[in-house]
Amino acid sequence: EQFIDWMALSGINLMLAMTGQEEVQYKVFRRLGLEDADIRSWFNGPALLTWSRGQNEYGSGLLGPLPRSWMKDQWDLQRIILPRLRSLGITGQLPGFQGNVPIQLKALFNDTNITAAGDTGWMDSLDPLFGKIADMWMETLIRDFGTDHWYQLDGYFDGGVAPWMNNQARVGRSKPKQSVRRLDKVQR
């Protein structure tokens, strides 16, 4: 709370609000049919979640699997953080779906364009399942946390482009933003 107060006093009015996102991801992936252990082992342990959130190390099993109690506690914490930010005029920028999924999803949806990268999968944003997951993600995120209409959608930024885009036109770059526009009616 002191850090939030310091940000407000320093004139900061926008910040990343990543806390609790693993619970949102968990809910979406369970609704798609993935098993608890597959989802939890896809996340790194709490000390290394910044790597997961940066999309560099999902599925590597570093200090995981992530406990359900931790995911739920972080979700609860975010429901305290966001109202406090909003009360001070600070916008929380929530994470949008960017296409990284547990590789086990490929077995459930055989015709989906998911490229394996270690134990994680990168979903082609032109694949129809991408839009379905992005919509489920946004619905869950907005229902759980509300919205300030700002989202983090960096996409694949592990030092290059997504695996399926190496030799094709990059027509899919705007696809992650489409579910944001469909489900968060305030346009920027």
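The values are calculated or read from the model by the stated rules, or taken from the named source; none is laboratory data. Please read these numbers as outputs of a predicted model, since none were measured by experiment. For the accessible areas, the whole protein counts, side chains as well, though only heavy atoms, and no ligand, DNA or RNA atoms are used. Shrake-Rupley method; radii C 1.70, N 1.55, O 1.52, S 1.80 Å.
For the residues Glu23, Glu139, a 1.4 Å probe over the protein chains yields an accessible-area ranking, largest first, of Glu139, Glu23.
Residues Met15, Met123, ordered by accessible area of protein heavy atoms at a 1.4 angstrom probe radius and largest first, appear as Met15, Met123.
Carbon-plus-sulfur fraction of the accessible area of region 1-126, 1.4 Å probe, in percent?
On the way: 3100 of 5810 Å².
Looking at region 1-126 in its full context, I get 53 percent from C and S.
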